Amino acid sequence: GAKQRDISSFFSVK
Amino acid sequence: MLEARLVQGSMLRKVVDAVKDLVSDANIDVSSSGFSLQAMDTSHVSLIAMHLRADAFEHFRCDRPMSMGMSLANLAKVLKCAGSDDIVTLKANDDGDTVTFMFESPKEDRVSDFELKLMDIDSEHLGIPDTDYCATVTMPAGEYARICKDLSSIGDTVVISATKDGVKFTTSGDVGTANVTVRQNTTADKKEDQTIIDLKEPVALTFALRYLTSFAKATPLATHVTLSMTRELPVMVEYAIQDMGHLRFYLAPKIED
């Protein structure tokens, strides 16, 4: 099935 | 030194009530631009980004930027003590470890103050780039809340697909399947009943319903909610805080390996 992605993987750490 | 006086003090309680079940402790960052809060839920699946502009406040003074770390459950307890029409004033010293909330009744016949202890919180700050979304749907906030609630009784995940025919929410579970389609409706008599769909390209994404349902706790903040989607990127669920700022939730999609 579809795997839940981690939100931080989409945004850069400032 | 911080001094901020908000005539519509109940807005603060609505914001905190909307996010406190996702995030237990958070930094509220204050600068000359206003109040902001960015926090991930404990599972790092969703991100909350709130901003209240300085000009939303009747009086706003912030001598230097500060981060006020607090337990949102405790903050909610304090704000619950304010009357629904009370004016709320926040005061904090630059190096203090407390923030004071003063509540004034509209008739000025009752004044109370609560001092809340601050805490040090290490938090990662994420840069959120501006995104050109494939599909944006602005719908009544109550309708969004209802769809989330109805579909949650059937399944755990939802596929949201935006096409020229509308935006379809699909789930399935042991009971069976459910589909709700929302179509553009810009002719409703009342503006609060209108739905506007801006589609550049069709897009379909899968999400955990639990989080989308939790975001609906922000329903008392606004008449409408806006869902913005692009392929393989988090959905942005945005509630405007009147003309004072916004509360945005980002939810990471489920993606096939």
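The values are calculated or read from the model by the stated rules, or taken from the named source; none is laboratory data. Note that the coordinates shown come from a computational prediction; the quantities given were computed from them, not determined experimentally. With ideal geometry, Cβ positions are generated from the backbone for all residues, glycine too; neighbour counts draw on all protein chains shown.
Only residues that are buried (at least 16 other Cβ atoms within 10 Å of the Cβ), away from chain A (no Cβ under 14 Å) and within 24 Å of B:Leu126 (Cα to Cα) were counted across region B:34-88, and they come to 16. When the residues of region B:210-229 are filtered to those that are within 18 Å of A:Asp6 (Cβ to Cβ) and not aromatic (Phe, Trp, Tyr), the one that is nearest to the other protein chains (Cβ to nearest Cβ) is B:Arg210. Annotation note: Cβ proximity below 7 Å between a residue of chain A that is within 7 Å of chain B (Cβ to nearest Cβ) and of a type in the set (Gly, Ala, Ser) and a residue that is in a strand (DSSP E or B) and surrounded by fewer than 10 Cβ atoms within 10 Å (Cβ to Cβ) (sequence gap 6+ or interchain) occurs for A:Ala2/B:Glu256; A:Ser12/B:Gly127.
For region B:168-239, list the strands (runs of 3 or more DSSP E) that sit wholly inside it and hold at least 2 residues that are more than 22 Å from B:Ala252 (Cα to Cα) and at pLDDT below 95; which are they? Walk me through how you get there before you give the answer.
On the way: elements: B:177-182, B:196-199, B:203-208, B:224-229.
In region B:168-239, there are no strands (runs of 3 or more DSSP E) which contain 2 or more residues that are more than 22 Å from B:Ala252 (Cα to Cα) and at pLDDT below 95.
Out of B:Ala162, B:Ala145, one residue alone is crowded, with 18+ Cβ neighbours inside 10 Å, assigned to a helix (DSSP H, G or I) and either of a type in the set (D, E, K, R) or at negative phi (or both). It is B:Ala145.
Are any of the residues in region B:54-67 under 30 Å from B:Arg210 (Cβ atoms) and within 18 Å of the chain's Cα centre (by Cα)? Can you show your working first?
Of all residues in region B:54-67, those under 30 Å from B:Arg210 (Cβ atoms) come to B:67.
Filter once more, keeping what is within 18 Å of the chain's Cα centre (by Cα): none.
Checked against the condition, which is being under 30 Å from B:Arg210 (Cβ atoms) and within 18 Å of the chain's Cα centre (by Cα), region B:54-67 yields no hits at all.
Listed conditions (1) within 24 Å of the chain's Cα centre (by Cα); (2) without any contact (Cβ under 8 Å) to a residue 40 or more places away in the chain are all met by B:Gly96, apart from (1). On the stretch given as region B:238-257, residues that are within 13 Å of chain A (Cβ to nearest Cβ) and crowded, with 20+ Cβ neighbours inside 10 Å total 6. Among residues of region B:114-131 that are away from every other protein chain (no Cβ under 14 Å), those with a beta-carbon under 7 Å from a residue that is of a type in the set (Phe, Trp, Tyr) at least six positions away or on a different chain give the pairs B:Phe114/B:Phe101; B:Leu116/B:Phe101.
Suppose the filter is within 27 Å of B:His44 (Cα to Cα), surrounded by fewer than 19 Cβ atoms within 10 Å (Cβ to Cβ), within 14 Å of chain A (Cβ to nearest Cβ) and over 22 Å from the mean Cα position of the chain (by Cα); does B:Gly173 pass it? Considered against the rule, which asks whether it is within 27 Å of B:His44 (Cα to Cα), surrounded by fewer than 19 Cβ atoms within 10 Å (Cβ to Cβ), within 14 Å of chain A (Cβ to nearest Cβ) and over 22 Å from the mean Cα position of the chain (by Cα), B:Gly173 comes out as yes.
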